[in-house]
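Data block below; observations after.
The values are calculated or read from the model by the stated rules, or taken from the named source; none is laboratory data. Note that the structure is a prediction, hence the values are computed from the model and not measured. Neighbour counts run over all protein chains shown; Cβ positions are idealised from the backbone, glycine included. Remember, those area values only see protein heavy atoms, side chains included, never the ligands or the DNA or RNA. Shrake-Rupley method; radii C 1.70, N 1.55, O 1.52, S 1.80 Å.
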Amino acid sequence: MPDFWEHPKEAQIQMKKIKDLQAWIHGYEDVEKAVEELGLSFDFYKEELVTEEEVDALYAEAISKIEALELRNMLRREEDKLGVVLKINSGAGGTESQDWASMLMRMYLRWAEKNGYKTSIANLLDGEEAGIKSVTINVEGDFAYGYLKSENGVHRLVRVSPYNAQGKRMTSFASVFVTPLVDDTIEVKVEPALLSWDTFRSGGAGGQNVNKVESGVRLRYQFTDPYTGEKEEILIENTETRDQPKNKENALRQLRSILYDKELRHRMEEQAKVEASKMKIEWGSQIRSYVFDDRRVKDHRTGHQTADVGGVMDGDIDGFIKAFLMEFAGNEE
């Protein structure tokens, strides 16, 4: 097709499809190679050319690659391939909950870093004494939403609080909201007449134009649910950069993500009614407990748990993600 690149949007969609197919082919080839090497190593072991430990290492590598491909196969929905907007809100409880929200923020940033995802802080509201009241993080990269959709819900912390002089065991809550980060291949209709903008001076440390230039933007969108007729004002603030046009662009992208997510939730609800299956992402339900003193993190949906609390708080949450997808993702179709 000689004029392929003369239609950049269509070309981009086709190139994305090719990239997705190539990922599957490369994944299969990796698995095939690992299994072949394992078979050869077993033959070499019988001839005493390699050790049992070397065979075990190749076996573990082959299993890891097979499971990674199997896990990716759980992410078949259109939105799974997208990036993600991850918002964390501290619950009631002041400093303790705000500290917990900041710990969760660090956990997700570390997870993203370990998995090669690009992150940016779209908006951050600090706590009065410590921690954060809320944060919005954009996580960009293939399948970020597919993996992190497992994190949507209320996260519960139980620990001896460093902010309590009596050394009492405290329980804190923080909510995590996960929505797909739409890209240019997703059609979302935004009505310009329903949009309004405010600007404000961005706070924060450092920089000669902080609190002098109105680079922060506040977007308001008057949304009417097409299915229920309910009206609501969607409010988005963006202070990501010192460039006001860039912040407006980022806020619009978040709005498109929210509108896409609303349609997605409606589809999921309708689907759940029809299928009456056990799978339903519980938006807002308590999903996981982190009990520091007992060295236990447990997911209440899958029963998956670990004693490696430190590892989890450092971003090692793949076990929880995998358990969720293996149990529930197959029922989403």
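General remarks:
- Scanning region 191-213 for residues that are touching a helix residue (DSSP H, G or I) at 6+ places or on another chain (Cβ under 9 Å) and surrounded by 13 or more Cβ atoms within 10 Å (Cβ to Cβ), we see that the one that is modelled with the highest pLDDT is Leu195.
- Ser97 meets all of the listed conditions (1) in contact (Cβ under 8 Å) with a residue 60 or more places away in the chain; (2) among the hydroxyl-bearing types (Ser, Thr, Tyr); (3) open to solvent by 10 Å² or more (accessible area, probe 1.4 Å) but one, namely (3).
- Beta carbons closer than 9 Å, at least 6 apart along the sequence or on distinct chains, pair a first residue in region 141-163 that is touching a residue at least 12 places away in the same chain (Cβ under 8 Å) and open to solvent by 20 Å² or more (accessible area, probe 1.4 Å) with a second that is of a type in the set (S, T, N, Q) and assigned to a loop (DSSP other than H, G, I, E, B) for Gly141/Asn115; Tyr147/Asn115; Val154/Ser285.
- Consider region 230-242 and keep the residues that are modelled with pLDDT under 90 and over 21 Å from the mean Cα position of the chain (by Cα). The one that is most open to solvent (accessible area, probe 1.4 Å) is Arg242.
- Within region 100-123, considering residues that are hydroxyl-bearing (Ser, Thr, Tyr) and open to solvent by less than 40 Å² (accessible area, probe 1.4 Å), the one nearest to Gly310 (Cα to Cα): Tyr108
- Yes/no for Arg256 being under 27 Å from Ala122 (Cα atoms), in contact with a Phe, Trp or Tyr (Cβ under 8 Å, 6 or more places away or on another chain) and either of a type in the set (S, T, N, Q) or at pLDDT 90 or above (or both): no
- Contacts under 8 angstrom Cβ, first residue in region 107-133 being touching a residue at least 24 places away in the same chain (Cβ under 8 Å) and under 14 Å from Glu151 (Cβ atoms), partner assigned to a helix (DSSP H, G or I) and among the hydrophobic types (A, V, I, L, M, F, W, C), 6 or more apart: Met107/Val312; Met107/Met313; Tyr108/Leu148; Ala112/Ala144; Tyr117/Ala144
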